[in-house]
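Take this structure, written in structure tokens, and hold onto it; I'll ask about it next.
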Amino acid sequence: MKLLSINISEPKKIMFNGKELVSSIYKMPVEVSVDVGQLGIKGDRQADLRVHGGYDKAVYAYSYKHYAYWSETLNNDYKDFGLVGENLTIDDFDEKSIFIGDEYKIGTTVLQVSQPRIPCYKIGIKMNNREFPKLFSQSCLLGSYLRVIEPGTISKNDSVELVNRDNEEISVYDTAQLLFTDIKNVEKMKKAVDVKHLSEEIKEKFRERLMKLGDFSSL
């Protein structure tokens, strides 16, 4: 796999329905090498740290291959990097082939997959489509949040190399399905809660849902 683009942004004010909002979703490509620390890429900041950023969501990666899917689905021609607000646009970062806990080396940095993205309404603003958050969620083509295991430097066109995988983990796609489409699959959710490298945020969502479904074994 190959890193096609590195995209960053500071929080910016935007207007929506007559209201002023602050968002960092409008990421722009940079051509220079960038340093990556424990909490993300230097020069990139999140507007709402309650739902973005932090150790488990330091870097967000998305597949350029999905641009064609969204172009067809939304009758548009998406080519500009940073389409869904991703930090890293990778040529073919397939959620079905990427597993929670996978570690990837890019440049001198090692990143670990922690969870799929959970979209908020601001991605609908970015895509100029009110229905997009739902379409995005239901597609399960959500990209991957990454922890920084080894800080370092990354550059455009770096290779993306899988360096470690735990065979008992769950794919990013299957995790997204449990979150958004296969929402009553008790057995799979119970297994997901036991996945070592899955973020605590997602585990807690599954625990709460399991309780509502009458299963208390994961408490």
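What follows draws every value from the coordinates through simple rules; no lab data is involved. Since the structure is predicted, the reported quantities are computational estimates derived from the model, not experimental observations. Cβ atoms come from the backbone with ideal geometry, glycine included; neighbour counts cover every protein chain shown.
Provide Arg147, Arg165 in ascending order of the number of other Cβ atoms located within 10 Å of each residue's Cβ, fewest first.
Exposure proxy ranking, most exposed first: Arg165, Arg147.
So what is log10(I(q)/I(0)) for region 1-78 at q = 0.16, 0.19 1/Å, when the Debye sum runs over its Cα atoms only?
-0.77, -1.00
Counting other beta carbons within 10 Å of each Cβ, put Tyr145, Tyr121, Tyr78 in order, fewest first.
Tyr121, Tyr78, Tyr145
Still on this structure: Amide H of Ile170 versus every other amide H placed in the peptide plane: which residues, excluding those fewer than 5 positions away on the same chain, fall under 5 Å?
Amide H neighbours of Ile170: Ile100.
Quick one: what Rg and Dmax do you get for region 69-124 from the alpha carbons, in Å?
Cα only, region 69-124: 13.5, 39 Å (Rg, Dmax).
While we're looking at this one, here's another question. If you rank Cys140, Cys120 by fewest surrounding Cβ atoms within 10 Å, what's the result?
Working: Cys140 21, Cys120 14.
So the ranking, lowest neighbour count to highest, is Cys120, Cys140.
A follow-up question, please. Sticking with the crude label model, points 7 Å out along Cα→Cβ, report the distance from Val186 to Ser71 in nm, one decimal please.
Label at Val186, label at Ser71, 4.6 nm between them.
What number, rounded to the nearest 500 deg cm²/dmol, is the helix-based mean residue ellipticity at 222 nm of the chain, given -39500 (n - 2.57) per DSSP H run of at least four residues and division by all its residues? Walk me through the intermediate numbers first.
On the way: 6 runs with 52 residues, N = 219.
Mean residue ellipticity at 222 nm (helix-derived): -6500 deg cm²/dmol.
Now for a separate question. Please find, in a Gaussian network model of the chain (springs between Cα atoms separated by less than 10 Å), the residue of Ser63, Ser71, Ser171 whose mean-square fluctuation is greatest.
Highest fluctuation of the listed residues: Ser71.
Evaluate the charge dipole of the chain about its Cα centre and quote only its size in Debye, nearest 20, assuming +1 on the Cβ of each Lys and Arg and -1 on the Cβ of each Asp and Glu.
For this selection, approximately 760 debye.
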